[in-house]
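First comes the structure, then the notes that go with it.
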Amino acid sequence: MDGASYLRCFRREMDAFRECVATGDLGASIAYREEFAEPIDLAGLARAVGHSNLFTAACVTEWTGGDTPPDGAPPLAPQDRGELLKWLEGTAELLVMSLDVDPSTPAWGHFTPPNAGYWQRSIAVETMLHRWDAQRTAGDPAPLDPDLAVAGVSEVLDVLAPKMVGVGKAWPPDACVKFNADDTGDWWIYGPGDPVAEVRGTAGNLLLMLWGRLTKDHPSLVWQGDRTSALSVLKGPLTY
């Protein structure tokens, strides 16, 4: 997928997320995720998504080449549903304008490579996951886009997990696990040597498992091989 494709995915997922905010119970609890320090409801998730949009835009437009990230102090988000929706849409429009650049454009970033291309992919995947979170509060969420999920799995295994190991938040893998996406035919390995175990599922469900939305023993996932060793490798945290 190229930068324009990621931005189209972001726009689609953001529209679906805003629909949840427009019609859902703003007090509905979002299942705990590691990226939140404390429990959060749908209204809180909407504010977090808007703040993420603003921060991501600033990583490209306000970066001056140093190691310091953009100002992390988020503006106050509206409490009223109607005003919250307008604000959320405004943050999305600002982000699209900021990221509608060549992927090689330098940008600030937590992870390698520090360029706009990283953020184009990352924010599209992140918004899809939060759309899933929001829809889950009202029932069964729609499946994840397979192509975007493939990009998301690659991001976790190629960028996020090695970074978490590098900063000492996760143990280096001592065995190899293979991931097979049955719906797209893509596959990945994580860890040294030959795979001791394999896990199969849709690309979307593999991504949901890696981000903690599905348990590793979820019935949609099929394991083969030394599952105990594989689970030790994946106990993480592999994502921020």
Q: Could you please put His110, His51, His130 in sequence from largest to smallest accessible area, using a 1.4 Å probe?
A: His110, His51, His130
Q. Extension gain Lys235-Val222, at 0.36 nm per residue separation less the Cα-Cα distance, in nm?
A. 2.9 nm
Q. Cα axis of helix 3-23 to longest principal axis of the chain: angle in degrees, 0 to 90, nearest 10?
A. 70 degrees
Q. In vacuo Debye scattering of the chain, one point per C-alpha: log10 I(q)/I(0) at q = 0.09, 0.13, 0.15, 0.17 Å⁻¹?
A. -0.39, -0.82, -1.09, -1.35
Q.
Per DSSP helix of 4 or more residues, -39500 (n - 2.57); summed, then divided by the residues of the chain. What does that give at 222 nm, rounded to the nearest 500?
A. -15000 deg cm²/dmol
Q) How large is ³J(HN,Hα), in whole Hz, for each residue of the stretch 50-66 in order, when computed from phi with the Karplus curve 6.51 cos²θ - 1.76 cosθ + 1.60 and θ = phi - 60°, using x for Gly and Pro? A) x, 5, 5, 4, 5, 5, 4, 4, 5, 4, 9, 7, 10, 6, 10, x, x
**Q.** Sequence-separation-based contact order of the chain, relative, with Cα cut under 8 Å and 6+ spacing, percent
**A.** 18 percent
Q. Taking 1 over the mean of 1/r across every pair of different Cα atoms in the stretch 50-117, what Kirkwood radius in Å do you get?
A. 12.7 Å
Q. How far, in degrees from 0 to 90, does helix 81-99 lean away from the longest principal axis of the Cα atoms of the chain, to the nearest 10?
A. 70 degrees
Q. Computed over the Cα atoms, what is the radius of gyration of the stretch 40-158 divided by 2.2 N^0.38 Å, N being its residue count?
A. 1.10
Q: Name the residues whose placed amide hydrogens come within less than 5 Å of the amide hydrogen of Cys176, ignoring near sequence neighbours (fewer than 5 apart) on the same chain.
A: Val196
Q: Could you state the angle between the C-alpha long axis of helix 116-136 and the longest principal axis of the C-alpha atoms of the chain, as a value from 0 to 90 degrees rounded to the nearest 10?
A: 90 degrees
**Q.** Accessible area in square angstrom per residue, the stretch 109-229, 1.4 angstrom probe
**A.** 43 Å²
Q | Rounded percent of accessible protein surface that carbon and sulfur make up, the stretch 43-194, 1.4 Å probe | A | 54 percent
Q) Once phi is turned into ³J(HN,Hα) by the Karplus curve 6.51 cos²θ - 1.76 cosθ + 1.60 with θ = phi - 60°, what whole-Hz value does each residue of the stretch 155-164 show in order, with x for glycine and proline? A) 4, 4, 7, 9, 10, 5, 4, x, 5, 5
**Q.** Two-decimal log10 I(q)/I(0) for the stretch 90-137, as the Debye equation yields it once each C-alpha is a single scatterer, q = 0.30 Å⁻¹
**A.** -1.09
**Q.** Contact order relative to length of the stretch 60-171, as percent, for alpha carbon pairs under 8 angstrom and 6 or more apart
**A.** 21 percent
Q.
Could you derive backbone 3J(HN,Hα) for the stretch 100-110 from the dihedral phi with the Karplus parameters 6.51, -1.76 and 1.60 (θ = phi - 60°), listing whole Hz in sequence and x where the residue is Gly or Pro?
A. 7, 9, 4, x, 7, 4, x, 8, 6, x, 5
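The values are calculated or read from the model by the stated rules, or taken from the named source; none is laboratory data. The structure presented is a predicted model; accordingly, all values stated were derived computationally and were not measured. When the accessible area is computed, the model is the full protein with side chains, heavy atoms only, and any ligands, DNA or RNA have been set aside. Shrake-Rupley method; radii C 1.70, N 1.55, O 1.52, S 1.80 Å.
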